[in-house]
Structure formats: structure tokens, C-alpha cells
Amino acid sequence: MAARISQDIELRTVGSKEEQLTSKTEYNYDVGEYERTGSSFGAFFNIVCVVAGTGVLQMAYAFTLAGWISVLITVVSAILATYTGSILIKCLYYKGPKHRLDGYAAIGEAAFGRFGKIFTQIFQYSILLGVSCLYLILTKISIQDLTNQLGLHVDSKIWVTTAACLIWIPFATLRTLKEVSWLALFGVIATIYVVIVIGIAGFTHLEENQHQRHETIIYSGLPMGIASISFCFGGTPVYPHIEQTMKRPKDWPKVLLYGSITCCVIYLCAGIFGYYVYGQSSQSPIFLSLPEGALNTTSTIAITLHVLLAAPIMLTSFSMELEGYFKISTSYRSRTRSFTYRLALRTAILIILTIIAMFVKDFGAFMSLVGAISNTMVIFILPVVCYLKLFNFRRSIFDYVMCFICIVVGVISCILGTKDAIVALKSLNN
């Protein structure tokens, strides 16, 4: 199925035969003030760093919501996210290979006018900000867990502020995703290390967890499980900005496919290992379930570093959207004013997110809520609706089947997942 999607995407990305001939000598991509100098390898790491990471910590908990059926849900979510990520980029070039739209919101506007742009922006911005806020929450939990092991009890608000200051440095000083792509490499290494730790720590203490309960399928938890797992593949809002920096944009289908496969394997390892060992008692983030010791400590440090490195990627993508809206670029202002306005805007964004992160108590339920409301819309529904509208519904049977499945999964997880996540959050606050 994955190979079929990759082949189908690649054949349709360029367009007609006439467009293919033109593209060989005349690919004039319009990407504003940003140059296409990023490598496909760097784009791959950006995808894996953005998509994988916090999802690794969530997977075992997601398995407790739906049971072992979560393995299938993970694979299907990866396939659907790969498909929608590819048609989203195709929508950027619906006018032809020489005319590229500015981004996700521009796709919504091209399909449904000003209403489509605003509607798309609401969900796109909420997911970009939601994920960034989750990174701050996770950093707070990670650092507090480390300090508690050392016998130091410090107010979590201090750790949130400290994390925000560390994130602010690359976020405020680096302008585009190409410039922050080097952060992604370290983020991917940290994520893989955490998966290895989950496996080693889990199987080392397997005997003492033999009493843990496992379920094949939990029907009542399916909606929230789908929402949680689909959230883990939520890199779609960032994809236009990643593709924007690629020197060889025609490599996008392969880069996306390889990135999705890598993320899927990482998630399956984390979910299967974690759930097999800790069963229905698995917590989110997973290191709360791991026994105290060197492995737990180093994995917590690794995922904390990953979060600190991945957060600027998400925040930069969101900031670039706002900077385009407010015309904060050298195309409209002097270099000094552009830098000053960009610095002020990005600082204000981070301050707002820091304040929100200070008062959110639960990581798992909040992650499910954000995924249910915005991520399912941004990943599964909006790309499909815009794709069909921009290409006048003239698609293959394969496209219609994939689009139908995406919309069904998106609607179910959005409505029912939101309800379950709100109930979970209310129960925690009571």
C-alpha cells in the first residue's frame, strides 16, 4: 500500500506530460524571500523530528485506550497521513509547476475564498501552537521528574520559564526551517535513544510486570485512541514550510514516504514495547512508568533535549505564517526593521505559550484534546476537501477511496475524541 501511494503521488506531483517537459528546464518556484537551498536529507530529518518525539511518549498510553488494535491504527494513520501530506503539497502547485501558493492557508483560500483561508488558519494555528505548548508542558514534567529524583523540589512554573528561555534562543535568532534543520538531527537521535531505553528498561523488568493486564480491543476507547495516535503523525501544518526550503522539491514524495515509514516504525516499537511490559498501567509520558535508575534518567534527559530542539521547528513554522500576514520580511521592510519586528513577534508568541503551559496539569489528556479538535481536521479533512475542490473532483478511484477513509477517520476522531478528552480533563480538575 505504501509503495502504491508513493508511486501514485510521484506520477501526479508534476502533472501532465507538457508540465513534465517544462519542469525539466523551467521550475520557477515562487517561495517569497526564502531560497531553496535545503537538502532532501535535511527535509527528511525535519519531518521525523517534528512528527516523532512526543508521540513516542504517548504511544503506550494510546495503546491502553484502544488495546492491541492500536498497532493497526498506527499503521493506517501513517498511510493516511502520508497520503494527505502528499496531496497537500500537490495543492500548492494546482496552477502548474511554475506557480506555488504561499502555504496551507493559501490553499484554503484558493479552494473556498476568504472563508476557506480563515477556517484553515484557525485549525492550522491551533495545532502549531498546541504542539508547541505541549513541548513546554512536557519539558516541565521531564525536568521536574529529574529534580525530584535528586531530592530537589522546585515550582514547575520556574522550569517552564527556563525551558521557554532555552527555546527562545534558536527560535528568535534563526529565520527559516532550513536554518533550524540542524536541530532536527539531534532530535531524531534523542528520539531513537528513548525508544531503545523503553525496550531495554521494559524487558529488564519484565518479570515484575507479569501481572499487567492487556486488551485486544477496547471499543469504548477507540475514538480517543484514534485521536491520540493520529495526533502523533501531525506534521502536516509544517510540511509546506519544509518543502519550501528543498533544493529538489520533486523529491518531496520520496522524502515524505521515508519519513512516515521511519516514524511509524519508531512508534510501533515504543507502543508495543511499552504496552507489552506495562499493559493497562502505562502512563503518559512513558518515562513515568519506567523504574527509577540510570536508564530512566538518561531517557528523560534525551527527550527533554529533543523537545527543546523540536519546539523551535514548530514555532518557526507558525511564526513564518504570521510574518507573511504582517509582511515582516525584507521584501517590504528594511533588514533592521524586519529583524526587530520578527524578534518582537516571536518573543510575544513564546510568552503567551509559556503562561498557558504553566497552568495545564495533564499531558496525556491535553494531547488527546488538541489532536481530536485540530489535528484530525488539519491532517485528514482539510487536505482532502481542498484537493477535491481545486482539481474539480476529477480523481481516480484510488483517490476517492483514500479521501473517503481520511474523512471518516477525521470526523470520528474529531467528534468522539474531543468529547472523551474533555471528560478526561474535567475529571482531573475535579
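Side notes on the structure shown:
- Selection of the stretch 282-325 for residues being closer than 16 Å to residue 168 by Cβ, hydrophobic (A, V, I, L, M, F, W, C) and open to solvent by less than 10 Å² (accessible area, probe 1.4 Å) yields 307, 310, 311, 313, 314, 315.
- If the condition is being without any contact (Cβ under 8 Å) to a residue 40 or more places away in the chain, part of a helix (DSSP H, G or I) and among the charged types (D, E, K, R), then the stretch 89-112 contributes only 109.
- Residue that is surrounded by the most Cβ atoms within 10 Å (Cβ to Cβ), among those in the stretch 202-224 that are in a helix (DSSP H, G or I) and out of contact with any Gly (no Cβ under 8 Å at 6 or more places or on another chain): 222
- Subset of the stretch 412-422 [modelled with pLDDT of 75 or more and more than 14 Å from residue 229 (Cα to Cα)]: 415, 419, 422
- Looking across 140, 90, 98, one residue alone is of a type in the set (Lys, Arg), open to solvent by 10 Å² or more (accessible area, probe 1.4 Å) and at pLDDT 90 or above. It is 90.
- Summed over the stretch 326-358, residues that are open to solvent by less than 30 Å² (accessible area, probe 1.4 Å) and touching a residue at least 12 places away in the same chain (Cβ under 8 Å) total 9.
- Count - residues of the stretch 148-181 that are in a helix (DSSP H, G or I) and touching a residue at least 12 places away in the same chain (Cβ under 8 Å): 19
- Matching residues in the stretch 126-139 - criterion: being of a type in the set (Ser, Thr, Tyr) and out of contact with any Ser or Thr (no Cβ under 9 Å at 6 or more places or on another chain): 132
- Some residue of the stretch 108-122 being modelled with pLDDT of 80 or more, loosely packed, with under 14 Cβ neighbours inside 10 Å, touching a Phe, Trp or Tyr at 6+ places or on another chain (Cβ under 8 Å) and not small (Gly, Ala, Ser): no
- Looking only at the stretch 52-81, and only at residues there that are among the β-branched types (Val, Ile, Thr) and open to solvent by less than 10 Å² (accessible area, probe 1.4 Å), the one that is nearest to residue 311 (Cα to Cα): 56
- Only one of 22, 84, 54, 13 that is modelled with pLDDT under 75, hydroxyl-bearing (Ser, Thr, Tyr) and within 24 Å of residue 389 (Cβ to Cβ): 13
- Some residue of the stretch 227-250 being in a strand (DSSP E or B) and open to solvent by less than 40 Å² (accessible area, probe 1.4 Å): yes
- Boolean, residue 150 is open to solvent by 40 Å² or more (accessible area, probe 1.4 Å), aliphatic (A, V, I, L, M) and over 30 Å from residue 407 (Cα atoms): yes
- Among the residues of the stretch 328-351, those identified as modelled with pLDDT of 90 or more and either closer than 23 Å to residue 162 by Cβ or of a type in the set (D, E, K, R) (or both) are 342, 343, 344, 345, 346, 347, 348, 349, 350, 351.
- The number of residues in the stretch 165-184 being open to solvent by 10 Å² or more (accessible area, probe 1.4 Å) and closer than 19 Å to residue 139 by Cα comes to 5.
The values are calculated or read from the model by the stated rules, or taken from the named source; none is laboratory data. None of the values given here were measured: they were computed from a predicted structure. Reconstructed Cβ throughout: ideal geometry from the backbone, glycine too, with neighbour counts over all protein chains shown. Protein only, heavy atoms only, side chains kept; ligands, DNA and RNA dropped before computing areas. Shrake-Rupley method; radii C 1.70, N 1.55, O 1.52, S 1.80 Å.
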